[in-house]
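One structure is given below, encoded as structure tokens.
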Amino acid sequence: RSMLRGLNLTRTYGEGEVRTTALRDVTLELQRGQLALLMGPSGSGKSTLLAVLSGLLEPSSGQVISEDNGRMLDIWKLSAKQREDFRLRQVGFIFQGYNLFPALNSRQQLEIVLRWGGVCTAREARKRSDDMLGLLGLSKKATKKPAQLSGGEKQRVAIGRALIKNPKYVFADEPTSALDWENGERVIEMLRAAAHERDATILVVSHDHRIEPYVDAHFYMEDGMMRSHDRPAQPVEPTF
Ligand code: ADP
Ligand code: ADP
């Protein structure tokens, strides 16, 4: 029961002498309700793959198939308008630098996402935003702007913004890289809870090996190729 599949994806940048192949025939499956980790050296194609899977960057060839209740959707066969709609409704992003709006407070960062998509009324947006701030442990920071928040708090607001529409897919680029491990672990636990409890499909790009024990699936890229997609080692059961 696969939720998102990339099939034989290739992507090149530029022409002639400056032509770079960022993805070479990459195939992968992301399962519903799972938190997956994508690792690999710098320049191996991870960001390109994230952008292709999330509908932001067109692959040179290959398909991205979203499966929903047995219905298959090839997101790169949709019209630009349909694909934008797909992204708006089904996809959440967590960017490396948080990408919060400097002028908005924490509650407004969340409300605006619901208002833009026309997902709900102002009253409902307010309620859902406050509920999410509660889940994130940020109720007391509702009226603070990014400049008044710590790195961990900003990252939690960014996560709330990605999750508030209950997207099917969430993509996170180095979500813990700017955080100490106490905050990093908290972030990963929230993503794991979102995958397991909200049935979201989450792909995290990271260099942080401390994340490995928390994930359900593990992908490793090298030189534009998918080298392995093993399950991570399971935590050892205590023995008595
Ligand atoms: P990673 O995220 O693993 O660091 P990227 O997907 O960013 O890898 O990059 C893969 C390859 O594609 C690298 O060789 C990189 O230099 C190249 N690349 C990425 N984006 C562009 C771009 N916009 N124009 C040209 N080359 C690019
Ligand atoms: P705690 O630190 O005690 O887990 P939290 O307020 O961080 O308290 O979270 C309460 C519960 O909600 C936990 O089970 C947590 O994993 C889950 N949770 C937190 N944030 C989210 C979220 N954005 N989406 C889904 N579940 C979440």
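Structure note, pairs 46/81; 81/127; 127/165; 81/145; 140/165; 140/168: Cα-Cα distances above 24 angstrom occur for 46/81; 81/127; 81/145; 140/168. For segment 80-232, the solvent-accessible area with a 1.4 angstrom probe is 49 square angstrom per residue. Let me see the pair-distance distribution of the chain: every alpha carbon pair, 5 Å bin width, integer percents in order. The distribution over the chain is 1, 6, 14, 17, 19, 16, 13, 8, 4, 1, 0, 0, 0, given as percents.
Under the rule a/c < 1.5 gives rounded, and otherwise a/b versus b/c splits prolate from oblate, where does segment 117-197 land using the Cα gyration tensor?
Judged from the Cα gyration tensor, segment 117-197 comes out oblate (a/c at least 1.5, b/c at or above a/b).
Which part of segment 45-59 falls in the paramagnetic zone of residue 178, meaning amide N under 19 Å from the point 7 Å along Cα-to-beta-carbon? Residues 47 qualify, since their backbone N sits under 19 Å from the label point. Starting from the Cα gyration tensor of segment 1-101, take the square roots of the eigenvalues, sort them a ≥ b ≥ c, and report rounded, prolate or oblate (rounded when a/c is under 1.5, otherwise prolate if a/b is larger than b/c, else oblate). Here segment 1-101 falls in the rounded category. Near residue 43: Cβ cut-off under 12 Å, other residues only, Lys/Arg at +1 and Asp/Glu at -1. The net charge is -1. Loop-located trypsin sites (Lys or Arg not before Pro) across segment 4-56 with a Cβ neighbour count of 12 or fewer within 10 Å are 19, with loop assigned by DSSP.
A straight Cα-to-Cα reach below 12 Å connects residue 144 with the aspartates and glutamates 153, residues fewer than 8 places away in its own chain not being considered. Applying 1/(1 + (r/R0)^6) with r as the Cβ-Cβ distance of residue 222 and residue 81 and R0 = 22 angstrom yields a FRET efficiency of 0.05.
The values are calculated or read from the model by the stated rules, or taken from the named source; none is laboratory data. Just so it is clear, the model here is predicted, and its values are computed rather than measured. No Cβ is skipped: glycine too gets one built from the backbone with ideal geometry, and neighbour counts run over all protein chains shown. Just the protein is used for accessible areas: all its heavy atoms, side chains included, with ligands, DNA and RNA removed. Shrake-Rupley method; radii C 1.70, N 1.55, O 1.52, S 1.80 Å.
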